[in-house]
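Engineer: One structure is given below, represented as structure tokens, and several questions about it will come after.
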């Protein structure tokens, strides 16, 4: 690495723990409960220091938590939706009040920069605001279907449900699920990633301050064993999951085996299609924002750029040069954060070395030489990295590396670009940069993805438009937010009624 940056970091990192100290407990019935399983540790990606530790939940602790949640559900389900919404409105206010402190906490344990941490809280607040709007929408319907006969449906909560969330968005991804599930009348058990449990503790505290009744919200910590315990436990009625596709598939299968509702969102290999007519400045910035945001550790990050045009096309080369210049000026710790762990850094470095050794790509920008912040030399850092002339079908072109690495594949036509994009088994996002409405329309129609961007590198829908991919990016049916999120966390009860015998009744009455 080059010499470190001397400027102070624009965040307040969590202080390291003392040896043997445990600061991560479980939240069960408005009480902090010590774990009784294996001990896990939390290291800050910024400098590698130990900032958290706790003991995982045993099977006995899981059963205790579910008993508390089931008891709470018998009360919470009957609380009017306006009263449930009032609690979540107070939660929204508290998030805004504490947004800076919570953002710093997210930075400490996930490696984000401050602006990214703040943005993910604001996105979570946006979903909360959507959940609050449900009290004013028509959640029932009643029609007179025949003489003297009416049919209606009533929307009801499922019961005790679970959310299993990843490390890359300690606040936003959980808040895709928490507000909608709670406003709908469920009691929710949340298992955050054991790599980022500290944000979960703060969210639990804020929900209590907001007035959420005891037992309605539970936080349990652990790793693989806890995921399996939640998926296989028949007392849990539904599971929302976000993580890698391999684990999402297993979660879906385990949940289905115990007859619960499951929506498991997986990984991605997202493509940006850059046409020769693309506006250079907007395109270059969109490219950089997409592959470097959150250090590339998000399922909506662009990891493949399909450059359309004959080799040496001046418009394409100009745009790629501009994007490379922008990426090369990014400062670690200021403009881009760290990777989550040393294992992640090792994995990505290995993939880069294999690509270069095999001749399946050449370095246009080498992030391994990017300077790291002063005092953070022991952190998990990799600067923006661009591989050019990548061979379609190679590891860098097909595997989700989950880091700030962009692979450029040169293609002569839009048809070939779409062929490569559609051969991708994942299906989260695809974007096209062009000034042609006809080209944009073709990509919208043909791309194999649940979320499409036009001159936008990260096409995340805003509420009430829902978030969700297709293919190996989603196991289950529907999306995780918006009205489809409400559909997932509720069920319909249909009622047909008649009160008076009709003198002129027909076959329907």
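Engineer: Look through the range 50-78, keep the residues that are assigned to a loop (DSSP other than H, G, I, E, B) and over 25 Å from the mean Cα position of the chain (by Cα), and return whichever of them is farthest from residue 23 (Cα to Cα).
Structural biologist: Step one: list which residues in the range 50-78 are assigned to a loop (DSSP other than H, G, I, E, B), which gives 56-58, 77-78.
With the extra rule that they be over 25 Å from the mean Cα position of the chain (by Cα), the set shrinks to 58, 77-78.
Numbers: 58: 17, 77: 33, 78: 35 Å.
Across the range 50-78, the extreme among qualifying residues is 78.
Engineer: Just one of the numbered conditions (1) more than 30 Å from residue 193 (Cα to Cα); (2) in contact (Cβ under 8 Å) with a residue 40 or more places away in the chain; (3) crowded, with 22+ Cβ neighbours inside 10 Å is not true of residue 332; which one?
Structural biologist: So residue 332 meets the others, but not (1).
Engineer: Among the residues of the range 160-185, what is the count of those that are touching a strand residue (DSSP E or B) at 6+ places or on another chain (Cβ under 7 Å), closer than 24 Å to residue 225 by Cα and assigned to a loop (DSSP other than H, G, I, E, B)?
Structural biologist: 2
Engineer: May I ask you to list the residues in the range 311-324 that are surrounded by fewer than 17 Cβ atoms within 10 Å (Cβ to Cβ) and in contact (Cβ under 8 Å) with a residue 40 or more places away in the chain?
Structural biologist: 311
Engineer: Can you confirm whether the range 327-334 contains a residue that is closer than 30 Å to residue 470 by Cα, outside the structural domain of residue 226 (by TED's automatic domain parsing) and in a loop (DSSP other than H, G, I, E, B)?
Structural biologist: no
Engineer: Also, I was wondering about something else. If I filter the range 134-154 down to residues being touching a residue at least 24 places away in the same chain (Cβ under 8 Å) and assigned to a helix (DSSP H, G or I), which single residue comes out as farthest from residue 81 (Cα to Cα)? It would help to see each step written out before you state the result.
Structural biologist: First, the residues of the range 134-154 that are touching a residue at least 24 places away in the same chain (Cβ under 8 Å): 134-135, 139, 145-154.
In the following step, the residues that additionally are assigned to a helix (DSSP H, G or I) were identified as 134-135.
Numbers: 134: 8, 135: 6 Å.
Filtering the range 134-154 for residues that are touching a residue at least 24 places away in the same chain (Cβ under 8 Å) and assigned to a helix (DSSP H, G or I), the one farthest from residue 81 (Cα to Cα) comes out as 134.
Engineer: So which of 374, 389 is in contact with a strand residue (DSSP E or B) (Cβ under 7 Å, 6 or more places away or on another chain) and without any contact (Cβ under 8 Å) to a residue 60 or more places away in the chain?
Structural biologist: Working: 374 fails: without any contact (Cβ under 8 Å) to a residue 60 or more places away in the chain.
Going through 374, 389 in turn, the sole match is 389.
Engineer: In the range 18-35, which residues are on the phi < 0 side of the Ramachandran plot, at pLDDT 95 or above and more than 26 Å from the chain's Cα centre (by Cα)? Walk me through how you get there before you give the answer.
Structural biologist: We begin by selecting, within the range 18-35, every residue on the phi < 0 side of the Ramachandran plot; these are 18-19, 21-28, 31-35.
Then keep just the ones that are at pLDDT 95 or above; that gives 23-28, 31-35.
Within the range 18-35, 31, 32, 33, 34, 35 qualify.
Engineer: Need the failing condition index for residue 18 against (1) farther than 14 Å from residue 199 by Cα; (2) without any contact (Cβ under 8 Å) to a residue 40 or more places away in the chain; (3) not in a loop (DSSP other than H, G, I, E, B), just the number.
Structural biologist: Status for residue 18: all satisfied but (3).
Engineer: Given the structure, is residue 221 surrounded by fewer than 22 Cβ atoms within 10 Å (Cβ to Cβ) and assigned to a loop (DSSP other than H, G, I, E, B)? Spell out the reasoning first.
Structural biologist: Values: surrounded by fewer than 22 Cβ atoms within 10 Å (Cβ to Cβ): no; assigned to a loop (DSSP other than H, G, I, E, B): yes.
Considered against the rule, which asks whether it is surrounded by fewer than 22 Cβ atoms within 10 Å (Cβ to Cβ) and assigned to a loop (DSSP other than H, G, I, E, B), residue 221 comes out as no.
Engineer: Something else: Only one residue in 57, 72 is closer than 18 Å to residue 193 by Cα and buried (at least 16 other Cβ atoms within 10 Å of the Cβ). Which one? Spell out the reasoning first.
Structural biologist: Details: 72 fails: closer than 18 Å to residue 193 by Cα.
After applying the criteria, what remains is 57.
Engineer: In the set 127, 62, which member is in contact with a strand residue (DSSP E or B) (Cβ under 9 Å, 6 or more places away or on another chain) and surrounded by 15 or more Cβ atoms within 10 Å (Cβ to Cβ)?
Structural biologist: On the way: 127 fails: in contact with a strand residue (DSSP E or B) (Cβ under 9 Å, 6 or more places away or on another chain).
Of the residues listed, the single one that is in contact with a strand residue (DSSP E or B) (Cβ under 9 Å, 6 or more places away or on another chain) and surrounded by 15 or more Cβ atoms within 10 Å (Cβ to Cβ) is 62.
Engineer: Could you count how many residues in the range 234-243 are surrounded by fewer than 21 Cβ atoms within 10 Å (Cβ to Cβ) and in contact with a helix residue (DSSP H, G or I) (Cβ under 7 Å, 6 or more places away or on another chain)?
Structural biologist: Residues that pass the stated criteria total 1.
Engineer: For the range 224-249: of the residues being in contact with a strand residue (DSSP E or B) (Cβ under 7 Å, 6 or more places away or on another chain) and in a helix (DSSP H, G or I), which is farthest from residue 91 (Cα to Cα)?
Structural biologist: Filtering the range 224-249 for residues that are in contact with a strand residue (DSSP E or B) (Cβ under 7 Å, 6 or more places away or on another chain) and in a helix (DSSP H, G or I), the one farthest from residue 91 (Cα to Cα) comes out as 249.
Engineer: Does residue 112 satisfy being under 21 Å from residue 460 (Cα atoms) and touching a helix residue (DSSP H, G or I) at 6+ places or on another chain (Cβ under 7 Å)? Even if it seems obvious, please write down each step before you answer.
Structural biologist: Working: under 21 Å from residue 460 (Cα atoms): yes; touching a helix residue (DSSP H, G or I) at 6+ places or on another chain (Cβ under 7 Å): yes.
Against the criterion (under 21 Å from residue 460 (Cα atoms) and touching a helix residue (DSSP H, G or I) at 6+ places or on another chain (Cβ under 7 Å)), residue 112 qualifies.
Engineer: Right, another one. Does residue 215 satisfy being closer than 26 Å to residue 80 by Cβ and either in the same structural domain as residue 486 (by TED's automatic domain parsing) or in a loop (DSSP other than H, G, I, E, B) (or both)? Explain how you work it out, then say what you get.
Structural biologist: On the way: closer than 26 Å to residue 80 by Cβ: yes; either in the same structural domain as residue 486 (by TED's automatic domain parsing) or in a loop (DSSP other than H, G, I, E, B) (or both): yes.
Here the answer is yes, as residue 215 does meet what is asked.
Engineer: One residue is enough: does the range 186-195 have a residue meeting the conditions assigned by TED's automatic domain parsing to the domain that holds residue 131, out of contact with any strand residue (DSSP E or B) (no Cβ under 8 Å at 6 or more places or on another chain) and closer than 25 Å to residue 48 by Cβ? It would help to see each step written out before you state the result.
Structural biologist: Filtering the range 186-195 down to residues assigned by TED's automatic domain parsing to the domain that holds residue 131 leaves 186-195.
If we keep only those that are out of contact with any strand residue (DSSP E or B) (no Cβ under 8 Å at 6 or more places or on another chain) as well, we get 193.
With closer than 25 Å to residue 48 by Cβ added as a condition, the list becomes 193.
Yes, the range 186-195 contains at least one residue that is assigned by TED's automatic domain parsing to the domain that holds residue 131, out of contact with any strand residue (DSSP E or B) (no Cβ under 8 Å at 6 or more places or on another chain) and closer than 25 Å to residue 48 by Cβ.
Engineer: I would also like to ask the following. Looking for whichever is buried (at least 23 other Cβ atoms within 10 Å of the Cβ), in contact with a strand residue (DSSP E or B) (Cβ under 8 Å, 6 or more places away or on another chain), farther than 22 Å from residue 432 by Cα and in contact (Cβ under 8 Å) with a residue 12 or more places away in the chain here; the options are 268, 302, 264, 278. Which one fits? If you could, list the steps in order and put the result at the bottom.
Structural biologist: On the way: 268 fails: farther than 22 Å from residue 432 by Cα; 302 fails: farther than 22 Å from residue 432 by Cα; 278 fails: farther than 22 Å from residue 432 by Cα.
Being buried (at least 23 other Cβ atoms within 10 Å of the Cβ), in contact with a strand residue (DSSP E or B) (Cβ under 8 Å, 6 or more places away or on another chain), farther than 22 Å from residue 432 by Cα and in contact (Cβ under 8 Å) with a residue 12 or more places away in the chain holds for just one of 268, 302, 264, 278, which is 264.
Engineer: Would you say residue 44 is crowded, with 17+ Cβ neighbours inside 10 Å and in contact with a strand residue (DSSP E or B) (Cβ under 7 Å, 6 or more places away or on another chain)? Break it down into steps so the answer makes sense when it comes.
Structural biologist: Values: crowded, with 17+ Cβ neighbours inside 10 Å: yes; in contact with a strand residue (DSSP E or B) (Cβ under 7 Å, 6 or more places away or on another chain): yes.
Taking the combined requirement at face value, the residue satisfies it.
Engineer: I've got another one for you. How many residues does the range 433-481 contain that are assigned to a loop (DSSP other than H, G, I, E, B), within 17 Å of the chain's Cα centre (by Cα) and farther than 30 Å from residue 134 by Cα?
Structural biologist: Summing the residues that are assigned to a loop (DSSP other than H, G, I, E, B), within 17 Å of the chain's Cα centre (by Cα) and farther than 30 Å from residue 134 by Cα in the range 433-481 gives 1.
The values are calculated or read from the model by the stated rules, or taken from the named source; none is laboratory data. None of these values were measured; they are calculated from a predicted model. Methodologically, a virtual Cβ is constructed for each residue, glycine included, from the backbone with ideal geometry; neighbour enumeration extends over all protein chains shown.
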